[in-house]
Amino acid sequence: MPAAGRPRRDWSGGSQPGDEEYPPWAGPADVPGWAGQDVRQRRPDHPSPPGGQDVTGDGGPRGQPPGRSARAAARARRARRKYIWAGALAVLLLIAAGAGYQLLHHSAPRPAAGSLVTTFLPGEVQRVPDACTAVTPATLQAYLPGQRHTVAPRSLDGSAQSLCDWTLDARPLYRVLEVTLQASSPSGLASGNGSATAAAKDAYAQARQQLTHPVKATHLPPATITQLAGLGSGAFAAVQLPRPGPTNLVTVVVRERNVLITVVSEGPAGRRGGYTPAAPPQLQAAAAAAARDILAHLP
């Protein structure tokens, strides 16, 4: 309804008292007449219609019940109100449906900028131990017995990363053990609140994705994943048996707080060149033992 005191626009071009505002799409059948409308439109000296039916001030011919045109106008107004209420109800239903879709199909919103974690939380690691000394000599002697060649690749992330590789090449044994320690830092690109632990969880999930869907350039088959209990906050073993291929690969990935430990154990796939094959369970045992040593050295 128009606001009190606001003049109503006359869509019909008339200025008679009681004229209502009708939208431009309303046709003649939608616009009710008012009482005495035909009288106001007829000149005063116009003769009465043939047959002696003069028009009274109530808008109806003499002899008909008074107020007939007023009742018709009231019925038209009631019909319009029904259409208006039906349209309003349809709009409300559409709004409710849209809100329900947003709640069901949209992911949880990212936290506000003020709630993001930008510093290390208590217990999170900023400096990882030396990978070459974290794996104990007893573990190395048990799984790579003999004269080993050790290489410590340079860290690309300062004290937050440490790498070490051991190779045993003494027929009939050939074994390789590669260890990588990585401490994640808080990041606005990480999921959740962006903490260092959240970033490490993302790296853990990404490592699993890369092993189960290796890039074609590696020529490696998709890994078979097995969850490991009793290692850090989460751990899994990924077994890859290239066919044909010279070596078997077992990768153990462990997450503890914001630190990701990756251990790759490698050995011959068959009897070639005088080497004995390395069964996947043996390779997994060596990788898991190295991961336990590293967990024990975390601050």
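Collect the residues in segment 245-274 that are assigned to a loop (DSSP other than H, G, I, E, B), modelled with pLDDT of 95 or more and open to solvent by 30 Å² or more (accessible area, probe 1.4 Å), keeping them in residue-number order.
Just the residues of segment 245-274 that are assigned to a loop (DSSP other than H, G, I, E, B), to begin with: 245-246, 257-258, 269-274.
Filter once more, keeping what is modelled with pLDDT of 95 or more: 257-258.
Selection gives ARG257 alone.
Could you say whether any residue in segment 192-213 is outside any helix (DSSP H, G or I), of a type in the set (Val, Ile, Thr) and modelled with pLDDT of 95 or more? Lay out the reasoning, then the answer.
Restricting attention to segment 192-213, the residues satisfying the condition of being outside any helix (DSSP H, G or I) are 192-195, 213.
With of a type in the set (Val, Ile, Thr) added as a condition, the list becomes none.
There is no residue in segment 192-213 that is outside any helix (DSSP H, G or I), of a type in the set (Val, Ile, Thr) and modelled with pLDDT of 95 or more.
Could you tell me whether any residue of segment 133-153 is under 30 Å from SER187 (Cβ atoms) and among the hydroxyl-bearing types (Ser, Thr, Tyr)?
Yes: one or more hits.
Looking at ALA170, ALA183, which one is surrounded by 19 or more Cβ atoms within 10 Å (Cβ to Cβ) and over 15 Å from LEU283 (Cβ atoms)?
Numbers: ALA170 fails: surrounded by 19 or more Cβ atoms within 10 Å (Cβ to Cβ).
Result of the check over ALA170, ALA183: ALA183.
Only one of PRO222, PRO277, PRO242 is in contact with a helix residue (DSSP H, G or I) (Cβ under 8 Å, 6 or more places away or on another chain), more than 30 Å from SER115 (Cα to Cα) and in a loop (DSSP other than H, G, I, E, B). Can you tell me which?
Working: PRO277 fails: in contact with a helix residue (DSSP H, G or I) (Cβ under 8 Å, 6 or more places away or on another chain); PRO242 fails: in contact with a helix residue (DSSP H, G or I) (Cβ under 8 Å, 6 or more places away or on another chain).
Step by step, each of PRO222, PRO277, PRO242 is checked, and only PRO222 is in contact with a helix residue (DSSP H, G or I) (Cβ under 8 Å, 6 or more places away or on another chain), more than 30 Å from SER115 (Cα to Cα) and in a loop (DSSP other than H, G, I, E, B).
With respect to the numbered conditions (1) farther than 26 Å from ASP169 by Cβ; (2) surrounded by 20 or more Cβ atoms within 10 Å (Cβ to Cβ), which one is the sole condition not fulfilled by GLN227?
For GLN227, the failing item is (2).
Looking only at segment 115-168, which residues are part of a loop (DSSP other than H, G, I, E, B) and among the hydroxyl-bearing types (Ser, Thr, Tyr)? So that I can check it myself, show each step before the final result.
Taking segment 115-168 and keeping what is part of a loop (DSSP other than H, G, I, E, B), we get 116-130, 135-136, 144-147, 152-157.
Within segment 115-168, THR118, THR119, THR136, SER155 meet the criteria.
Taking segment 235-244 on its own, how many of its residues are open to solvent by less than 40 Å² (accessible area, probe 1.4 Å) and farther than 19 Å from ALA285 by Cβ? Steps first, please.
Residues of segment 235-244 open to solvent by less than 40 Å² (accessible area, probe 1.4 Å): 235-240, 242.
After this cut, where a residue has to be farther than 19 Å from ALA285 by Cβ as well, the list is 242.
Qualifying residue count for the region: 1.
Inspect all residues belonging to segment 163-174 and state whether any of them is among the charged types (D, E, K, R), touching a Leu at 6+ places or on another chain (Cβ under 6 Å) and touching a residue at least 24 places away in the same chain (Cβ under 8 Å). Even if it seems obvious, please write down each step before you answer.
Let us first name the residues in segment 163-174 that are among the charged types (D, E, K, R), namely 165, 169, 171.
Adding the requirement that they be touching a Leu at 6+ places or on another chain (Cβ under 6 Å) leaves none.
Within segment 163-174, none of the residues are among the charged types (D, E, K, R), touching a Leu at 6+ places or on another chain (Cβ under 6 Å) and touching a residue at least 24 places away in the same chain (Cβ under 8 Å).
The values are calculated or read from the model by the stated rules, or taken from the named source; none is laboratory data. Please read all numbers here as calculations on a predicted model, not as lab measurements. Heads up, the Cβs are rebuilt from the backbone with ideal geometry, glycines too, and the neighbour counts pull from every protein chain shown. Protein only, heavy atoms only, side chains kept; ligands, DNA and RNA dropped before computing areas. Shrake-Rupley method; radii C 1.70, N 1.55, O 1.52, S 1.80 Å.
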